[in-house]
Amino acid sequence: MEEVSTVQRRGAFGRLYHGETSFDFMGKKKIGFTISLILILMTIGSLFTRGLNLGIDFEGGVAWQVPVTATMDTDAARTVLSSNGIEADNAKIQILTNGSTKSLRIQVGDQTPEIQLKVKDDLATASKTDANEVSVSSVSSSWGRSITEKAIRALIAFMVLVSLYIAWRFEWRMALAAILAMLHDVLISVGVYSLIGFEVAPATVVAFLTILGFSLYDTIVVFDKVKDNLDKFAGSRTSMANITNVSMNQVLMRSINTSLAAVLPVISLLVLGSGVLGAIALREFAIALLVGLLPGSYSSIYIASPLLSLIKEREASYRNFRGEHAVGAELAHMVLSGTATGAKSVRRQASTTDGTQTNILTPTSEALLTHPPRPRKKRRR
């Protein structure tokens, strides 16, 4: 009773910190699935219509970088390209900022060494700067294709190894849910890059692989607690949805801390590394990490765990309880005590055989937090 009173006196943050919340995550799973479906459809549509803004390392070609001056802007750069027989409309021209200085980055397809040198001299003349201040770099398209193939092979190898480990450490159903959640994170991250038009560079690929590791870690944290609660609730005859709900509430604060601990350094890297120091590689890496961390944190709660619940509900031990869904005081009791016993009157929904929803009376907080009444003695006549 003293422990219960302590829990009642705690505020919302106190209950969150001690893993004593009773949020109905499983009741919101349809909302989470709907949001993810919309984002995935937007991603697919954007990939087919806009595609990805591949950098020179993947697409191949030539890139010049020239300081921005009074006589050098995007129009002047296109004029230089056109005068050398290069299709200026297809050129990618970006303005790069490094502290107080600005420069133009001009990227086109493969060109001969003579054309590369001629454009470099013309850019120096047009910007009225020394030729040494104009840089040129070239990457063959075959090398770019090789990098893409290696990145895809690394992604597939990562997925296979992760699946085998989770299946060995936990079970194959958890491995399936974790892989689907990781694919969800990658697809949405790629969709953001396609919709916004961020350039895909080698640092982006490294960041995406890092994101997969983070997403997997956050998911494993929840699954580890689910595994513990599967053993704890083994003889309680409760639904998989209830066990998943209890597990997510118990590790919610840990998931939030994990996400914050990952996001804050990335924001610092983006602000200091890119904004102050002007490091382009750091900016590309930090943007990719930030884009991927958000869906990674979201998917561990609203995608991976509900998917696991739906998959395990097909097992014989949970099939008869499919659709049962504890809420309110009963869910709070399960989170605090780790048991599903003690019943009086909180409403929960359960599916009948014809698919309709009926209300079942389950424990109230008053019944859960007190001892059962003693039976009355019969009077002798």
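The values are calculated or read from the model by the stated rules, or taken from the named source; none is laboratory data. Keep in mind that what you see is a predicted model, and the values were worked out from it rather than measured. A quick note on method: Cβ atoms are made from the backbone with ideal geometry, for glycine too, and the neighbour counts reach across all protein chains shown.
A few notes on this one:
- Conditions (1) surrounded by fewer than 17 Cβ atoms within 10 Å (Cβ to Cβ); (2) modelled with pLDDT under 85; (3) not assigned by TED's automatic domain parsing to the domain that holds Leu282: number failed by Leu117: (2)
- Out of Gly51, Gly55, sole residue that is surrounded by fewer than 17 Cβ atoms within 10 Å (Cβ to Cβ) and either at pLDDT below 90 or of a type in the set (Val, Ile, Thr) (or both): Gly51
- Pairs with Cβ under 9 Å, 6+ apart, first in segment 188-208 and in a loop (DSSP other than H, G, I, E, B), second small (Gly, Ala, Ser): Phe198/Ala288; Ala201/Gly55; Ala201/Ala281; Ala201/Ala288
- Whenever a residue of segment 142-169 is within 24 Å of Gly61 (Cα to Cα), its partners that are acidic (Asp, Glu), lying with C-beta atoms within less than 7 angstrom and at least six residues away or across chains, give the pairs Gly144/Asp57; Gly144/Glu59; Ile147/Asp57.
- Test for Ser189: is it buried (at least 20 other Cβ atoms within 10 Å of the Cβ) and assigned by TED's automatic domain parsing to the domain that holds Arg283: yes
- Ser194 being surrounded by 17 or more Cβ atoms within 10 Å (Cβ to Cβ) and either touching a His at 6+ places or on another chain (Cβ under 9 Å) or more than 28 Å from Pro265 (Cα to Cα) (or both): no
- Residues of segment 259-271 include at least one that is surrounded by fewer than 17 Cβ atoms within 10 Å (Cβ to Cβ), modelled with pLDDT under 80 and hydrophobic (A, V, I, L, M, F, W, C).
- Residue in segment 207-237 that is surrounded by the fewest Cβ atoms within 10 Å (Cβ to Cβ), counting only those that are farther than 26 Å from Leu293 by Cα and at pLDDT below 80: Gly235
- Some residue of segment 136-150 being part of a helix (DSSP H, G or I), modelled with pLDDT of 85 or more and surrounded by fewer than 16 Cβ atoms within 10 Å (Cβ to Cβ): no
- Residue match in segment 161-178 (condition: among the β-branched types (Val, Ile, Thr), assigned to a helix (DSSP H, G or I) and either outside the structural domain of Ile40 (by TED's automatic domain parsing) or touching a Pro at 6+ places or on another chain (Cβ under 7 Å) (or both)): no
- Leading residue by the ranking (modelled with the highest pLDDT) among those in segment 307-335 that are assigned to a loop (DSSP other than H, G, I, E, B) and under 15 Å from Lys29 (Cβ atoms): Glu313
- Residue list for segment 138-157, filter: under 18 Å from Asn53 (Cβ atoms) and more than 23 Å from the chain's Cα centre (by Cα): Val139, Ser141, Gly144, Arg145, Ile147
- All positions within segment 30-80 that are of a type in the set (Phe, Trp, Tyr), in a helix (DSSP H, G or I) and in contact (Cβ under 8 Å) with a residue 12 or more places away in the chain: Phe33, Phe58
- Test: residue in segment 229-249 that is closer than 17 Å to Ala177 by Cβ and in contact with a His (Cβ under 6 Å, 6 or more places away or on another chain): yes
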